[in-house]
Amino acid sequence: MKHVFALIILFVCLNTNAQTFFGLNNYIEYKVGNLPLIISVPHGGTVNPSSIPTRTCNNAVTVTDGNTIELARQIDTALQQLTGCKAHFVFCHLRRTKIDCNRNLADGTCGNLQMQQSWNEFQKFIDTAQLIANTTYNNKSFYIDLHGHGNPIPRLELGYLLTETELGYSNTTLNQLSYVNTSSIKNLVNSNINSYTHAQLLRDSFALGSYFGYGGYPAVPSLQIQNPGTSSGYYNGGYNTFANTCASPSVISSGVQIECNNPNVRDTYINRKKFADSTARILIKFFKKHYGINLMNACLVNSIKQTEMQEISIYPTLLKGDKFLLVKNKNLENKPFIITNTQGAQLIINRVKDNKILLPNLAPGAYYLLIEGYKVAKFICLPE
Ligand SMILES: [Zn+2]
């Protein structure tokens, strides 16, 4: 099978040329970036293979979010022009009649084996992109799931996993732990550099939605439109927003679902270009304000940091039946580590204990050891 998750190669190439990886039959595309921003587009695909049955299970929704891949590519261009760096992009090129990469596996693939592979690739590429971003930017990364909606009110709908009813509550209520902990920006609430509250990040003057509003793109929630109102059909975030943001216990990235209205935003090349340019400027402002990261030349600054990074000193690097590696660095106790194969597939996630990296049952071959803030270390398991 073609390898898809070439994580380490990605690390190595992070600061040089962009790379693009494709899954089975080029249905899923991962354009590797070097900014702490990950954008996925699950519903913009047009590829319609007749060999794949049309989805009909569980009242499948099959509407395409028109021009959202085109829009994302224009955002990519705008970000590159402004920052000299690249966000990570994951695209599904299949029509939604064949797969829904914003539903769970069962509903999204209706049991088709090929579609299950593509669905997994879509999710794994997002994982890989987030891992790269979090490792490079000290766990400060932001994820956007980009969509298009057909609701009558022409505005962007930002989904933080809070329902239209919940967004109708007071700021005091939304700042209660029970709402923060289920929000897609929980980690940003807990770590933003100005200590803004959940409600402030949702709809004060420096919220993402408010920045769009100032740019001429009304958005909800925002300072300008505090809540969507009931029965507006507002989209509060789907499977990806849950599975790929910190609302999910194992995920670090904060994020949001952005549902774009069509007129003036994604309908024509020129309108998309204006919106993409605006979005790029807004994201730069957002990262600076809340993460303290300047996206302008961030990747160049990082490439310098990368060469200054300390090496992980491990022993042995050639293993024959050994069940652990010894780490000689003093300050790694209890730090999380990841072991991947050379294709970047994650095999072991654990923590350093008593200066040891435990290695249960690794087949002969080459492996990489990743610890945040350190250079990638390589070791080889020989046949016993
Ligand atoms: Zn959609």
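The values are calculated or read from the model by the stated rules, or taken from the named source; none is laboratory data. Keep in mind it's a predicted model, so treat the numbers as computed, not measured. A quick note on method: Cβ atoms are made from the backbone with ideal geometry, for glycine too, and the neighbour counts reach across all protein chains shown.
From the list Leu146, Leu202, exactly one residue is closer than 18 Å to Cys260 by Cα, away from the ligand (no atom under 16 Å from the Cβ) and buried (at least 24 other Cβ atoms within 10 Å of the Cβ). Which is it?
Checking each option against the conditions leaves just Leu202.
Just checking, does segment 72-83 include any residue being within 15 Å of the ligand (Cβ to nearest atom) and in contact with a helix residue (DSSP H, G or I) (Cβ under 6 Å, 6 or more places away or on another chain)?
no
Exactly one of these conditions fails for Ile348: (1) assigned to a loop (DSSP other than H, G, I, E, B); (2) at negative phi. Give me its number.
If we test Ile348 against (1) assigned to a loop (DSSP other than H, G, I, E, B); (2) at negative phi, just (1) comes out false.
Say whether the condition of being outside any helix (DSSP H, G or I), in contact with a helix residue (DSSP H, G or I) (Cβ under 7 Å, 6 or more places away or on another chain) and hydroxyl-bearing (Ser, Thr, Tyr) is met by at least one residue in segment 267-277.
no
Out of everything in segment 312-342 that is closer than 24 Å to Asp127 by Cα and surrounded by fewer than 14 Cβ atoms within 10 Å (Cβ to Cβ), what residue ends up being farthest from the chain's Cα centre (by Cα)?
Taking the candidates together, the pick is Asn334.
Restricting attention to segment 29-49, and to residues there that are β-branched (Val, Ile, Thr) and within 16 Å of the ligand (Cβ to nearest atom), which single residue is farthest from Gln114 (Cα to Cα)?
This residue is Ile39.
When the residues of segment 16-28 are narrowed to those that are in contact (Cβ under 8 Å) with a residue 40 or more places away in the chain and assigned to a strand (DSSP E or B), which ends up farthest from the ligand (Cβ to nearest atom)?
Phe21
As an exercise: evaluate Asn120 against (1) more than 16 Å from the ligand (Cβ to nearest atom); (2) part of a loop (DSSP other than H, G, I, E, B) and give the number of the one condition it does not meet.
Here Asn120 meets the rest and fails (2).
Residues checked against (1) in the same structural domain as Lys335 (by TED's automatic domain parsing); (2) closer than 27 Å to Tyr374 by Cα; (3) assigned to a helix (DSSP H, G or I):
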position	(1), (2), (3)
Ile52	no, no, no
Val61	no, no, no
Asp76	no, no, yes
Gln81	no, no, yes
Asp100	no, no, no
Gln116	no, no, yes
Ala133	no, yes, yes
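Taking the conditions exactly as written (part of a helix (DSSP H, G or I) and under 20 Å from Ala87 (Cβ atoms)), does Thr173 satisfy them or not?
Here the answer is no, as Thr173 does not meet what is asked.
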